[in-house]
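A.B. asks: Just dropping this structure here.
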Amino acid sequence: MLKVERSICCCGCACLSHTFCLSLPGAQGQFPIVQNMTVTEGGIANLTCRVEHNDNTSLQWSNPAQQTLFFGDKKALRDNRIELVRATSQELTISISEVTLADEGMYTCSLFTMPVKTAKAFLTVLGVPKKPEINGLTKPVMEGDQITLTCVTSGSKPAADVRWFKNEKEIKGAKEVNASGKTFTVKSSLQLQVNRHDDGMAYTCRVDHVALTATHEETTQVLEVHYAPYVEIKHSIPAPLEGQYLKLECVPHGNPSPDPVLWTKDGGELPDLERVIVEGRELTFMALNKTDNGTYRCEATNHLGTSHAEYKLVVKDAPTTSSPSTTSPAPTLPDTTGPLDSKHLNSAVTGNRDPNALPGPPDHALIGGIVAVVVFATLCLIIVLGRYLARHKGTYLTNEAKGADDAPDADTAIINADGNHAHAEEKKEYFI
């Protein structure tokens with residue numbers, strides 16, 4: 001079901017809201033059919049009027065000022081932009097080139113019957129926005145300044161949409177729209193507190209509009225921010241050792257660029273310039289030694305200020321490494337069943353080491369093992385000796401039995417002592 005506007009555009013017919021005129025039930029005769037048009041400023045508008053059944057009645061196109069443009073195939077208005085495309089008994093098509101905003105309005109197609117029947121088509125002209133301009137930027141900008149960037153575009157119809165981008169990331173601005181005749185002027189403002197991180201930052205104003213179907217208009221400005229320098233020092237190795245090669249690089253940041261830089265050591269000049277080489281921002285030590293220890297400073301200056309960075313150099317001893325020939329297998333411990341003499345202990349501690357090799361750090365695990373072996377061997381020795389004494393304890397007689405004093409000689413006394421051995425009280429002595 002079509003929604004029909006009630007404004008009558010021709011006898012016995014009504015004009016549809018969007019495109020063309022249709023006959024209503026009960027209408028008699030033939031009626032022109034037209035279509036609304038939308039065209040971009042500077043483009044070409046083709047206006048077509050058709051009649052399904054015509055008995056050679058003439059068709060006519062008129063502009064919003066009711067000036068006749070074409071009557072059939074006859075041109076009535078002297079305008080070089082308006083040309084005839086096609087003229088038959090059933091169709092009249094004309095073209096308007098280089099369309100301007102003044103061409104916008106209601107165009108009328110007339111069918112000269114009795115009475116005259118008409119149909120109206122509205123021509124909409126889109127105003128193309130001009131390339132945007134960014135105002136308020138001065139170069140260079142000093143760090144800490146507050147600036148306002150304003151993007152302006154004019155000539156759009158309807159009003160254009162203006163957006164801000166900071167390095168392709170959209171940011172919000174304050175928008176203002178002003179009408180100027182049939183077109184609009186759009187402004188968008190952006191307030192910035194400038195710092196050193198804005199140096200080299202691209203701010204883009206982009207305009208989007210229905211008339212810009214394939215692309216968009218945009219303008220970009222790159223900020224140049226001047227700021228005082230700051231310095232950092234980069235080193236080639238993290239823990240310098242004696243004899244190594246070391247390069248220190250002074251990296252200043254600032255705008256304008258702070259060149260050249262100044263190297264000092266402990267507040268004075270660099271010593272031994274034959275071993276320490278300065279090339280531009282680099283300080284190179286060909287072979288480090290402990291006389292190079294100290295605090296090295298790099299200083300950079302531009303017209304906005306001076307900055308420095310320091311590097312404290314501490315050269316450490318190079319590590320000593322043993323040759324493969326001095327490596328020996330673990331020492332063989334002596335037999336623990338007997339006591340350890342000094343020879344065995346010396347053999348256990350020294351093993352088969354080269355006597356000319358440099359002494360290394362003490363091996364606490366080895367020393368502890370040797371002490372344990374010594375203690376164990378001593379305990380074993382005490383146990384063995386105790387068992388031996390226990391097995392060989394003995395008794396003996398004093399050979400001074402009763403009556404021995406009456407013996408004429410020693411042999412008789414011994415014989416008498418042996419005879420009384422079984423009956424005499426034994427005197428026992430124990431070895432402890």
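The values are calculated or read from the model by the stated rules, or taken from the named source; none is laboratory data. What you see is a predicted model; the values in this text were computed from it and never measured. In this analysis, Cβ positions are derived from the backbone assuming ideal geometry, glycine residues included, and neighbour counts consider all displayed protein chains. These area figures cover heavy atoms from the full protein model, side chains too; ligands, DNA and RNA do not enter into them. Shrake-Rupley method; radii C 1.70, N 1.55, O 1.52, S 1.80 Å.
A.B. asks: For the stretch 147-167, what are the residues that are part of a loop (DSSP other than H, G, I, E, B), more than 18 Å from T215 (Cβ to Cβ) and touching a Ser or Thr at 6+ places or on another chain (Cβ under 8 Å)?
C.D. replies: Once the filter is applied, which keeps residues that are part of a loop (DSSP other than H, G, I, E, B), more than 18 Å from T215 (Cβ to Cβ) and touching a Ser or Thr at 6+ places or on another chain (Cβ under 8 Å), the stretch 147-167 yields nothing.
A.B. asks: Being under 29 Å from T213 (Cβ atoms), surrounded by 16 or more Cβ atoms within 10 Å (Cβ to Cβ), modelled with pLDDT of 80 or more and charged (D, E, K, R) is the requirement here; does E98 meet it?
C.D. replies: Spelling it out, it is not the case that E98 is under 29 Å from T213 (Cβ atoms), surrounded by 16 or more Cβ atoms within 10 Å (Cβ to Cβ), modelled with pLDDT of 80 or more and charged (D, E, K, R).
A.B. asks: A follow-up question, please. Being more than 30 Å from G42 (Cβ to Cβ) and either in the same structural domain as L212 (by the TED database) or assigned to a loop (DSSP other than H, G, I, E, B) (or both) is the requirement here; does G144 meet it?
C.D. replies: Spelling it out, G144 is indeed more than 30 Å from G42 (Cβ to Cβ) and either in the same structural domain as L212 (by the TED database) or assigned to a loop (DSSP other than H, G, I, E, B) (or both).
A.B. asks: Of all residues in the stretch 101-135, count the ones that are open to solvent by 30 Å² or more (accessible area, probe 1.4 Å) and either touching a His at 6+ places or on another chain (Cβ under 6 Å) or part of a strand (DSSP E or B) (or both).
C.D. replies: Here the count works out to 7.
A.B. asks: For the stretch 87-94, indicate whether the set of residues that are part of a loop (DSSP other than H, G, I, E, B) and either among the aliphatic types (A, V, I, L, M) or open to solvent by less than 40 Å² (accessible area, probe 1.4 Å) (or both) is non-empty.
C.D. replies: No, the stretch 87-94 contains no residue that is part of a loop (DSSP other than H, G, I, E, B) and either among the aliphatic types (A, V, I, L, M) or open to solvent by less than 40 Å² (accessible area, probe 1.4 Å) (or both).
A.B. asks: Read through the list (1) exposed (fewer than 14 other Cβ atoms within 10 Å of the Cβ); (2) at pLDDT 90 or above, then give the number of the only condition that S322 fails.
C.D. replies: (2)
A.B. asks: Determine if the stretch 266-273 includes at least one residue that is in the same structural domain as R297 (by the TED database), at pLDDT 90 or above, in contact with an Asp or Glu (Cβ under 9 Å, 6 or more places away or on another chain) and not small (G, A, S).
C.D. replies: no
A.B. asks: Does G136 satisfy the condition of being at positive phi, touching a residue at least 12 places away in the same chain (Cβ under 8 Å), assigned by the TED database to the domain that holds H216 and not β-branched (V, I, T)?
C.D. replies: Criteria met by G136.
A.B. asks: Given the criteria over 17 Å from L137 (Cβ atoms) and not assigned by the TED database to the domain that holds G305, does N178 qualify?
C.D. replies: yes
A.B. asks: Specify the residue that is most open to solvent (accessible area, probe 1.4 Å); the eligible residues are those in the stretch 168-199 that are assigned to a loop (DSSP other than H, G, I, E, B) and over 19 Å from E218 (Cβ atoms).
C.D. replies: K182
A.B. asks: Here's something else I'd like to know. What is the residue count in the stretch 136-149 for residues that are among the β-branched types (V, I, T) and surrounded by 18 or more Cβ atoms within 10 Å (Cβ to Cβ)?
C.D. replies: 1
A.B. asks: Looking at Q35, is it outside any strand (DSSP E or B), open to solvent by 10 Å² or more (accessible area, probe 1.4 Å), touching a residue at least 12 places away in the same chain (Cβ under 8 Å) and not hydrophobic (A, V, I, L, M, F, W, C)?
C.D. replies: Judged against the criteria, Q35 is a match.
A.B. asks: Next up: Please determine, by comparing only the residues of the stretch 267-285 that are loosely packed, with under 13 Cβ neighbours inside 10 Å and under 37 Å from the mean Cα position of the chain (by Cα), which one is farthest from L241 (Cα to Cα).
C.D. replies: Among those that are loosely packed, with under 13 Cβ neighbours inside 10 Å and under 37 Å from the mean Cα position of the chain (by Cα), it is G280.
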